[in-house]
1. How compact and how long is the range 131-256, expressed as Rg and Dmax of its alpha-carbon atoms in Å?
2. Quote the FRET efficiency, to the nearest 0.05, computed for Thr273 versus Gln171 with a Förster distance R0 of 35 Å and r equal to the Cβ-Cβ distance.
3. Note the full-extension length gain between Thr186 and Ile20 as 0.36 nm times their separation in residues minus their Cα-Cα distance, in nm to one decimal.
4. Please give, to one decimal in nm, the separation of the simple spin-label points placed at Phe255 and Ala161, each 7 Å out from Cα toward the Cβ.
5. On full extension of the chain, what length is gained from Arg290 through Ser238, given 0.36 nm per residue of separation minus the C-alpha to C-alpha distance?
6. Divide the volume of the convex hull of the Cα atoms of the range 210-305 by its number of residues and quote the answer in cubic angstrom per residue.
7. In debye, nearest 20: dipole of the range 176-305 around its Cα centre with unit charges on the Cβ of K, R (+) and D, E (-)?
8. So for each of 212-220, 199-207 I average, over its residues, the number of other beta carbons within 10 Å; can you give me the resulting order with the highest mean first?
Amino acid sequence: MTMDARIFYVILTINTIAAISYEVWNETHWRENPGARTGGRIRTVVMLLTPIVGPVFFLMGTLVQLILFRQEVDLEDVIFSKERVQTRQMADADAEGNIVPIEEALAVSDKDSMRTLLMNIIKGDVQDSLASIALALNSEDSETSHYAATVLRDALNDFRAHVQELYNKMQQEGLDASPYAVELITYMNRVLVQDVFHEAEQRSFVDMMEEACTLLYEKFWRELRAEHIQWLCSLLLSLGEYDRMKVWCDRSREFFPDELSTYTNYLKLYFTTGQKKEFFTELDRLKASRVVIDRETLDLIRTFT
């Protein structure tokens, strides 16, 4: 037997052993991924029929996949499932074309537009539209104002009840209070930011929200988010609680030094209290940072530079 023949048979033997070993491995591991069993058998046949070329081809494919596609593709949003189909409906042009902003409807005493607008508002989630509903209380149309008062009363009573429920759960001993604190902060902000309560009650709710933020800050700091502090700072600013807001501005810088909201919290505080030196110092600090700036903050920088 010549040397070339010996080399050929050695390579053929090694290739056969490799293919058989792969098939044995495939048959013992296919249950981890049932759809891969048939594919493994096809690879075995290819490797047996094309010595060297087959194994090298699959090896190169595996290496390319590991190098270029290390992260798994999230196909959750592209799965063709009936459960994920969203039906798009065209807007009702006739109904919506006759609707005007609630301020304009009040100004011209447009009863029909006011009633239509109010009905459309309460069909959705009224918690995000309480400020608009409160405006309808000033309507000269007694039917509109009465219905607005009824909807607003029920929505605010539901809010008070749910806030108290979450607050009580947050204060219970022996429980992980962080989920209730986070839910309380998020839930309260949706309504408090609309400023639909009298000042005394608004202050009481803001105190509860600050207590929830303090709980996260002191005991569950991993659950505290920059947006939680931003929401609280905005509410404290609207109430004129500048010293308390400064405390949370400092805490935001402590935990979230690279968040845009940390800078804007300081800027709003310094601007409102007339601290010009501190305002421009913070503005220069923001411009020198690598924080991504939104349009509103960019307009602010352009105004004062």
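No lab work stands behind these numbers, since they all come straight from the coordinates. Predicted, not measured: the structure shown is a model, and the values here were computed from it. Using ideal geometry, Cβ is built from the backbone for each residue, glycine included, and neighbour counts are taken over all protein chains shown.
1. 16.4, 53
2. 0.60
3. Numbers: separation 166, 0.36 × 166 = 59.76 nm, distance 5.93 nm.
Roughly 53.8 nm would be gained on extension.
4. 3.1 nm
5. Contour length minus Cα-Cα distance gives 15.8 nm.
6. Details: hull volume 9.1 nm³, N = 96.
It is 94 Å³ per residue.
7. Here the range 176-305 has a charge dipole of around 560 debye.
8. Numbers: 212-220: 17.8, 199-207: 13.8.
Ranked by mean Cβ neighbours within 10 Å, highest first: 212-220, 199-207.
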